[in-house]
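Undergrad: The structure that follows is given in the form of structure tokens.
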Amino acid sequence: MTVHLLTLLEAQPGAYVSGEEISRTLGVSRTAIWKQVRKLEAEGYRIEAVPRLGYRLVERPARLTEAELRAHLKTRELGRHLHLREAVASTQDEVRALAEQGAPEGTLVVAERQDQGRGRMGRSWISPPGKGVSMSLLLRPDVPLPLAPQLTLLSAVALCRSLSRITGLRIGIKWPNDLQVEGRKISGILLESAAEDERIRYVAVGLGIAVNLEEADYPEELREKAVSLRMAAGRAFDRAALIGEVLLEFERLYDLYREQGFEPIRLLWEANAVTLNRTVTLYTAQGSFDGIPRELDASGGLRVELPDGSWRTVYSAEVGDAAPIDR
Ligand code: BTN
């Protein structure tokens, strides 16, 4: 009920909503409303109550609250088992521990602060508290382990489509799953899987989004390479609403994937990719080479055309701009 009260108050910013209307809409007593107001106040909301006028939301806490996250959840499954943490080492560790204890698909861990956030290729992921989104989602797909990279690509499409819609920015996917605005990274995705007998037991999908960071939040060496949604769009975003949209798009695509397989996801990834059809350098564990990525194959590998006209498929690589030919 906390959720619905908040939704009602937020739907009419600055206006008083009468106790009668709240009672009627939510089907609860005046006493129940008052109790929920106290609960929201304990979470950091300031709600003004004026006799004969009703209730008005005056201030929201700067940090994420469970009530607010739930108010923006529009999914059937994803995020419904919600764990909001103030500070953790990594949300990936939290969600994996929950998975080992039998947590259901869709379990979500969101943290304001990560002290040991990690990225791909053994890198660390740093985000100042209260400005970004750091969260891990638990999936239990019934697919063979070699197909896990498909979920990486699905995650990228989900973020790309939802964030583009919310911000109006032109967001592109760099192989395999970095999201960029004009060549600068705005978000990172890290998938960690646990398997048994070559089948996935669970996947921890780690999503890091630079939402409201400002230039001063970035170390000098990252300012050319990374940007936040706020810096790129010139306005701040409501993080709870953004999480709600990301999860909704994720659930739509995950349903599609379970119903129709990878093909629709493959096409959506290609439609949003910035890596295709231009010469790049691919850095793999076996060394680097230049080529033109042309498409994804049916399993999610990147098909690259080489200068001699032959083709090579890569499953794990870093993509960089190719050196100019005349150097
Ligand atoms: C990358 O771009 O290298 C991936 C970054 C992934 C960061 C997210 S933040 C939430 C989750 N918890 C982590 O420790 N990492 C992921």
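Undergrad: When each pair of different Cα atoms in region 280-319 is counted once in the 1/r mean, what is the Kirkwood radius in angstroms, to one decimal? Walk me through the numbers on the way to the answer.
TA: On the way: mean 1/r = 0.0993 Å⁻¹.
Final number for the Kirkwood radius of region 280-319 is 10.1 Å.
Undergrad: Something else now. Along the Cα-to-C-beta direction of Ile126, a point sits 7 Å from the Cα; which residues of region 203-220 have their amide N less than 16 Å from that point?
TA: From region 203-220, the list is 210, 213-220.
Undergrad: Ok, one more. Place a point 7 Å from Cα of Arg170 in the direction of its Cβ. Which residues in region 272-296 have their backbone N less than 15 Å from it?
TA: 272-276
Undergrad: Could you tell me what a quarter of the Cα convex hull surface of the chain works out to, in nm² with one decimal place? Kindly include the intermediate steps, with their values, before the conclusion.
TA: Working: hull surface 77.2 nm².
Average projection, Cα convex hull of the chain: 19.3 nm².
Undergrad: So what's the projected area for region 202-327, the Cα convex hull averaged over all directions, in nm²? Walk me through the intermediate numbers first.
TA: Values: hull surface 44.5 nm².
So the mean shadow area of the Cα hull is 11.1 nm².
Undergrad: Which whole-number percentage describes the relative contact order of region 54-156, with Cα contacts under 8 Å and a sequence gap of 6 or more? Write down the numbers at each step before the final one.
TA: Numbers: 134 pairs, mean separation 26.2, N = 103.
For region 54-156, the relative contact order is 25 percent.
Undergrad: Before rounding to the nearest 500, sum -39500 (n - 2.57) across all DSSP H runs of length at least 4 in the chain and divide by the residue total; then give [θ] at 222 nm in deg cm²/dmol.
TA: On the way: 9 runs with 104 residues, N = 327.
Dividing the helical sum by the residues of the chain leaves -10000 deg cm²/dmol.
Undergrad: Ranked from highest to lowest mean number of other Cβ atoms within 10 Å per residue, what is the order of the peptides 235-245, 95-105? Could you put the intermediate results ahead of the total?
TA: Working: 235-245: 18.6, 95-105: 15.8.
Listed from highest to lowest mean packing, they are 235-245, 95-105.
Undergrad: While we're on this one: Taking a probe of 1.4 Å, how large is the accessible area per residue of the chain, in Å²? Intermediate results must be reported in sequence, preceding the final value.
TA: Working: 15690 Å² over 327 residues.
The answer is 48 Å² per residue.
Undergrad: Where does each of 304-316, 182-194 land if you order them by average Cβ count within 10 Å, highest first?
TA: Values: 304-316: 12.9, 182-194: 19.1.
Sorting 304-316, 182-194 by mean packing, highest first, produces 182-194, 304-316.
Undergrad: Follow-up. Run the numbers for Glu59 and Arg294: contour at 0.36 nm per residue of separation, minus the present Cα-Cα distance, in nm.
TA: Working: separation 235, 0.36 × 235 = 84.60 nm, distance 5.02 nm.
Length gained between Glu59 and Arg294: 79.6 nm.
Undergrad: Lysine pairs, Cα distance under 21 Å, 8 or more residues apart or cross-chain: how many in the chain? Provide the component values of the computation, followed by the final result.
TA: On the way: Lys131/Lys185; Lys131/Lys225; Lys174/Lys185; Lys174/Lys225; Lys185/Lys225.
Summing the qualifying lysine pairs gives 5.
Undergrad: Would you work out what percent of the accessible area of region 190-326, with all protein chains in place, is carbon or sulfur (probe 1.4 Å)? Show your work: numbers first, answer last.
TA: Values: 3130 of 6670 Å².
Ligands and nucleic acids excluded, carbon and sulfur give 47 percent.
Undergrad: Related question: Provide Rg over Rh for region 59-164; use the alpha carbon set for both Rg and the Kirkwood Rh (inverse mean inverse pair distance). Working shown, then result.
TA: Working: Rg = 14.4 Å, Rh = 15.0 Å.
Taking Rg over the Kirkwood Rh, I get 0.96.
Undergrad: With labels modelled as points extended 7 Å from the Cα through the Cβ direction, what inter-label distance (nm, one decimal) is found for Asn277 paired with Glu305?
TA: 1.1
Undergrad: Moving on to the next point. Just check region 2-59 against the gyration tensor rule for me: Cα atoms, a ≥ b ≥ c as the square roots of the eigenvalues, rounded for a/c under 1.5, and otherwise prolate or oblate depending on whether a/b exceeds b/c. Walk me through the numbers on the way to the answer.
TA: On the way: a/c = 1.37, a/b = 1.12, b/c = 1.21.
Rounded.
The values are calculated or read from the model by the stated rules, or taken from the named source; none is laboratory data. The structure displayed is predicted, hence computed values, not measured ones. Note that we place each Cβ from the backbone using ideal geometry, even for glycine, and neighbour counts take in every protein chain shown. These accessible areas exclude ligands, DNA and RNA; they are computed on the full protein's heavy atoms, side chains included. Shrake-Rupley method; radii C 1.70, N 1.55, O 1.52, S 1.80 Å.
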